[in-house]
Every structure is written in C-alpha cells, then in structure tokens.
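The values are calculated or read from the model by the stated rules, or taken from the named source; none is laboratory data. Not measured: the values here are computed from a predicted model. Cβ coordinates were reconstructed from backbone atoms using ideal geometry, including for glycine residues, and neighbour counts include every protein chain displayed. Quick note on the areas: whole protein, heavy atoms, side chains included, nothing else; ligands and nucleic acids left out. Shrake-Rupley method; radii C 1.70, N 1.55, O 1.52, S 1.80 Å.
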Amino acid sequence: MAASLQTLSTEDLLEKLKEAGIHVTEDEAQKFRENEVDGETIECGLTENMISYLFQGSFKKQAKFNKFVQEMKEVVTITLEPVPAESYQQTSTKEINATSGRLPAGFAIPPFPRDLQAKLDNKEPCQKSSKDRHRIIRVLHEAMIEHTMYPTNAEYVQVAKALIVKYCFLKDLEGNGYHTWHQSLKRKFKAERAPLVHDDEVRKSKEKFGHKKVRDSEQSPTACRRPESGVIAVIGEDASSVEGHVNVLHIQYSKVRPDTLVVKDRMQRTFAWRRREIRDGMTVEDILKKYPFLKTASGLCDEVDRMHSSTVSLSQRFKDGFTSIVPKVLELVQRNAPLAKVYKEAREEMLAEDLPDSDFRAALILLPQIFKEKVESLITLGEWDADTPYPTIQLVETDWKMAFSKRVQVLVKVDGVEVWRGLGVEEGIIAAFSAYYVFNLAYPPYMKNTLTFLQHAIAKITEVGGKPLPITVTRIINILC
C-alpha cells in the first residue's frame, strides 16, 4: 500500500526520500523540520526557490526531489480495513474532532460585523489596523471551526486564498500575497486549542525542540557567515596582478584627494579575488589592511553594489526609501518607550529647519522597537571593545538626546575591529548594514527582523535561494510601504 502524500509527516517524508535514494544530510533535514515541510506542504506545491533552499548547492538532489514529488502525486492507493469495535472506545477527543469534518471545497468567506464589512466594501486597508485584522481572523476562525478544529495546511491556504480573492486589496505586498493571513489563522487555532494540551506535553516538546542560547562571542566563525553557494571564478587576474592593483589602491588611499575613477577600477578588478579571500576566512583586520577603501562609507556601499547591482546606488536607495516611511515609523513607535520620550523632548528644542533630518535619524534609531528588538543591540553609547563578530554602531562621547538632534561622531566595529568612523547615526547604520554583506556575515538572531526589513523594503536586495520573509517582516512591510 502506498501512503497518501498528504498524510506524510515531516519525519515520514524524510524516510520516504531516503528510500527513494536521496541522501538528506542532517542540516538539510533540519531545514525540512524548521519550515514544516511535510506531505501537505508538498501537495500545496513548493517553488523552485524553496527547493533550492532545501537542497542548497546540489542540482542533482533538487532534480531527484522533483522526480520523487511527481511520482508520489501520480500514485496514491488507499486501502480501507475494518476497525474492531473496541478500538472506538480508545479514540481520543482530539482524534474525533480532527476527523469529524473537513472544509467544503467551495468554502465561502462569511459576512463580517457591519462596521468592518463597510470598511471592506469601501476597500479600506484593514490589514494595516491590528484591531481590524484580529477581527477578520476571529470571524474566519469561527466559520472554520464549524467544520473542524484541526484544519490541514491545505485548508488554511484555501481560506487565506479565498479571502484575498474576494478582497484583493488585503493582499500582502511581499511573497505569495496571503502568507501573513495563512500564519495568523494557524496561530489563532493554536491559541484556541492551547487549553486542550497538557502542560507536560508542552514541556516535553520544548525540551525536544528547544534551542540553547549562545553568546555572540561563543559562536563559531562558520555560524556567523552568510551562506554562499558555488565557486567564485577569478577571470583575468592572478596573485601577481592583484598585488599590483592593491599597491595602486594603497597609493591612492595615501592621497588627500584620491582619483575616484582609478579606485573604482582597481576595486572592481580585485572584486572576485577579494570575495574569495573573505569566503575562505580572511580576517576583517587583514581585509581592511589590504583593501583600505573598505574603511570608507562610499567604499562599503560600492562593494555591496558590486554584489547586488542596481541602477541606483545603495546609499541613495537607502535614503530615498527610508525617507518615504519616516512618518509611519514614528507613528508606530510606542510613545511610552524611554527612547521615544527622549526624542520627543529633543524635538521640542529644535529649529523647524532641523526637524526633517532629525526625524530621519529618530526613525532609523527607533525602528527595531517596531519588531520588538532592542535598539541597544544595534546602537550603543560610548566607545568600547565589542565582544561580538557582528557589526556594532557606537556613538562616541554623546548621549541619545544629542544623537537625535545632530550629526554626532559615530564608529562601526566588526569583530572588534574599527571599520568606519564618521558623522551621523544614519551614516553609521548604512555602513553597518553594508558590513554584513562586505564581510559575508549572517544577521544575528536578536536583530534579524530589523535588518531583513531594511534589506527587502529599503535596500531592495533579494538573494537567490533565500528563505521566505518572516511573517513579522511581511506584516510591517504591508503597513509601512
């Protein structure tokens, strides 16, 4: 008997892949578990980017996986066997509820409360209001539990898609258009079912799947690296020619006014060689000694532009993109937050002509609070020896009020090494953001949502084979952009 694809759990699916001759490494298996890739997920369909992420760097595995899925969808055999009468008494309440009903194929979106329905009929962006969004999810939940308390992943998708089809203006700005609604529904059902789960079960699950916190200083260099696939090809250059280019760069760096065209040309010629050196583990200190122009704000931004080319420079995209959302960011920030209060006091003492620049700085500084991440994990007061491999922004001899009011002296360190020193928190944030790409660093967990938002919504950088956006980031993009 061949098992139905839709009934396979993640572990069952991994076992089936093994039987099909696809060797799944432990890292690859963990990606399946973390992203809830089971039979239902496969049935709904995985994009090429998703499959590329699961089997990163192996075309052979990706091709074999596609063949496996095709074969599983073609052959589905179901055998029904009589169930002994006494076994009915052993069936749990959860199992009865889970199998007692399924959503009808033509599930219709129910009517909403009169005031909310009026907003939807007028095509108001209800997804940007937390209150309206929660009410929509509650109504959908109440309609779904009339059929089942344990919807399948396909049924969550069915309802989320139906909502977007009927009210297309509620569509997410990123991804497949319904991801945030899909996840909100799942969380709603999980929250409503929580009282049904015994505390011991929750504790055991946490013990089994929980993650231990690791200090930045204890992380291995590999764990902090941004994953890169494929071989970096160096064409037309060798060690001798690169050395000659580096000597020219050092001569230019010693000048009061370096020749910009010469610098950009030699940095471009050594680009592939430099990327390979960084990927192979060259330290930040050695990189900066060899390529000193990476210690400048323009040098950092230009390097990111070489990695992710665009008709508009990273610096300009950053400033233009963020300026357009400054008022909304400041509106979303909690007014009772300590730093928000400091900014309010500083703003009252400023001249009218200084307010636009000050608002821009404040919005950048306070942005992490929207994602419930700590500002202090990104920007700190005072110069200190940072015990972390990640970029840190340090405000030199100043306080928060001064940082909001004017362009104060700022420095950026990576792995304890000073990378950039200049004026303005806004310039420091752009330099630190660029440093993640230049030095091939992954975003730290404690600042991941903020940096991911800046990458996708502001810098407009997309990466081949990247993970789907976290639902929190997608939701904030819907609200701000």
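The trypsin sites (Lys or Arg not before Pro) of the stretch 255-288 meeting both criteria, a DSSP state outside H, G, I, E and B (loop) and at most 14 other C-beta atoms within 10 angstrom of the site's C-beta, are Lys255.
Here's how it looks for Thr398: its modeled amide H is under 5 Å from those of Gly382, which are all 5 or more places away or on a different chain. Of the accessible area of the stretch 338-481, computed with a 1.4 Å probe over protein heavy atoms only, carbon and sulfur atoms account for 52 percent.
Loop-located GluC sites (Glu not before Pro) in the stretch 301-408 (DSSP state other than H, G, I, E, B) with a sparse environment of at most 16 neighbouring Cβ atoms within 10 Å: Glu349, Glu383, Glu397. Straight-line cross-link partners of Lys264 among the aspartates and glutamates, defined as a Cα under 14 Å from its Cα and at least 8 positions apart when in the same chain: Asp302, Glu303, Asp305.
The residues neighbouring Gly416, those whose beta-carbon lies less than 10 Å from its own, together hold a net charge of -4 under the Lys/Arg +1, Asp/Glu -1 convention.
In sequence order, the stretch 47-58 has phi-based couplings of 6, 4, 5, 5, 5, 4, 5, 5, 10, 5, x, 10 Hz under the Karplus curve 6.51 cos²θ - 1.76 cosθ + 1.60, θ = phi - 60°, and Gly or Pro positions carry x.
Within the same chain, lysines fewer than 8 places from Lys18 are excluded, and of the rest, those with a Cα less than 21 Å from its Cα are Lys31, Lys60, Lys61, Lys64, Lys67, Lys73. Here the stretch 108-176 and the stretch 401-449 have alpha carbon centers that stand 40 Å from each other.
Please go through the stretch 296-398 and write out the trypsin sites (Lys or Arg not before Pro) that DSSP classes as loop and that have at most 16 other C-beta atoms within 10 Å. Within the stretch 296-398, the qualifying trypsin sites (Lys or Arg not before Pro) (loop, at most 16 other Cβ atoms within 10 Å) are Arg335, Lys372, Lys374. Name the residue farthest towards the positive end of the dipole of the stretch 116-181 from the options Ala160, Gly177, Leu120, assuming +1 on Cβ of Lys and Arg, -1 on Cβ of Asp and Glu, about the Cα centre. Ranked along the dipole, the leading option is Leu120.
Accessible-area rank, largest first, for Cys44, Cys301: Cys44, Cys301, with all protein chains present and a 1.4 angstrom probe.
Looking at the square roots a ≥ b ≥ c of the eigenvalues of the Cα gyration tensor of the stretch 324-433, which shape do they give, rounded for a/c under 1.5, prolate if a/b is larger than b/c, or oblate? Prolate is the answer for the stretch 324-433, as a/c is 1.5 or above and a/b outweighs b/c.
Listed by chain and number, the lysines placed with their C-alpha closer than 21 angstrom to that of Lys319 are Lys295, Lys328, Lys406, Lys448, Lys460; residues fewer than eight positions away on the same chain are left out.
Here the stretch 245-372 is assigned +1 on the Cβ of each Lys and Arg and -1 on the Cβ of each Asp and Glu. Its dipole about the Cα centre then comes out at about 560 debye. Each part gets one Cα centre, and for the stretch 254-297 versus the stretch 1-73 those centres are 42 Å apart. Within the shell of other residues whose beta carbon sits under 12 angstrom from the beta carbon of Leu381, the net charge comes to -3, with Lys and Arg scored +1 and Asp and Glu -1.
What FRET efficiency would be calculated for the residue pair Asn122, Lys401, taking the C-beta separation as r and a Förster radius of 56 Å, to the nearest 0.05?
0.85
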